[in-house]
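Worksheet: the structure to be examined is printed underneath.
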Amino acid sequence: MKLTLKQAWHENFKIQPVNLALMAVIVVMYVWEVLISQNLTISVTTLYNTGAQYAPAILFQHEWWRLITAGFLHITPTHLLFNLVVMYFIGKLLEWQIGHFRYLILFFVAVLIGNLTSLAFGDLNGISAGASGGIYGLFGAVVGIGVLDRFHDFWRRESFTIGVLVVISLLMGFTRERVDMYAHIGGIVSGLALSPILVGTSCKTGSFNIKWWGRLLSALVTIAIAGLLLYVALNRGI
């Protein structure tokens, strides 16, 4: 039976309400940036005023909220569109499989650790924005789940495909200017670290046998990574 547009939208929303809500916030934030900047390409001043990542403001003025808000800001229409398209498809797959709450935690932790990695190792005087850290966290989670799925092909196939795309993307990123590779790498690492927590009885595809201590170790490793990055970043600011 062919679904109407309204029915299709309703079914799609049931699959990925959190992902669609996050995307809607990102779009609203970009419209706000455009209205302030009076240009589709957002000015540095507007980026700063709306919450982009800027190391001196975080380290010396203690505006730590920028580590999260920067993940919802974008600089150009192409920057926004590319991230939204990727987020739609990879987010739809993950949220459907791991559940809404786990997906929300994954995205926010990936944004946070991605931006902490940038703060710890990136340009101290640069200003950055974008959901790429969160998106690369989704990539890392798919790869991690693929490694953990020992008995079925679904996640291993998805993991291999995403893994190849990530390697190509990273290699291309190193050849381009104004790409925050540290945020991308941090996002991937966070997704990999969190993957044992993400899979469980709610995961609709795959076969996993992860003990409680495996999930605990996953949480402790993620916290340790964030703590180490924070320590490095704070020592850069001395």
Review point. Nearest 0.05, what FRET efficiency do M172 and L228 give at R0 = 30 Å with Cβ-Cβ as r?
Key: 0.60
Exercise for review: Please list, in chain and number order, the residues 5+ apart from I127 or on another chain whose amide H is under 5 Å from its amide H, with Hs placed from the backbone.
Suggested key: none
Review point. Using alpha-carbon positions, what is the distance between the centroids of segment 211-238 and segment 24-50, in Å?
Key: 32
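Which helices, taking whole DSSP H runs in the chain, have alpha carbons extending 27 angstrom or more along the helix axis plus mean Kyte-Doolittle at least 0.0? Please report the intermediate quantities before stating the final value.
On the way: long enough: 17-37 (30 Å, 1.97); 77-98 (30 Å, 0.97); 100-121 (32 Å, 1.67); 154-174 (30 Å, 1.28); 212-236 (36 Å, 1.33).
Flagged H segments are 17-37, 77-98, 100-121, 154-174, 212-236.
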Check your understanding: Dipole magnitude of the chain about its Cα centre, charges +1 at Lys/Arg Cβ and -1 at Asp/Glu Cβ only, in debye to the nearest 20?
Key -> 580
Point to revise | Solvent-accessible surface (1.4 angstrom probe) belonging to L84, in square angstrom, nearest 10 | key: 30
Revision key, fill the gap. Between V199 and residues 5 or more places away or on another chain, the pairs with built amide H atoms under 5 Å apart involve none
Practice item. Just the number, please: carbon plus sulfur as a percent of the accessible area of segment 95-160, 1.4 Å probe, no ligands or DNA/RNA counted. Key: 64
Review point. What is the extension gain from T4 to T41, computed as 0.36 nm multiplied by their sequence separation minus the C-alpha to C-alpha distance, in nm to one decimal?
Key: 9.7 nm
**Study point:** Accessible-area value, V147, 1.4 Å probe, nucleic acids and ligands omitted, Å²
**Key:** 110
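The values are calculated or read from the model by the stated rules, or taken from the named source; none is laboratory data. Not measured: the values here are computed from a predicted model. Cβ sites come from the backbone with ideal geometry, for glycine too, and all protein chains shown count toward neighbours. Just the protein is used for accessible areas: all its heavy atoms, side chains included, with ligands, DNA and RNA removed. Shrake-Rupley method; radii C 1.70, N 1.55, O 1.52, S 1.80 Å.
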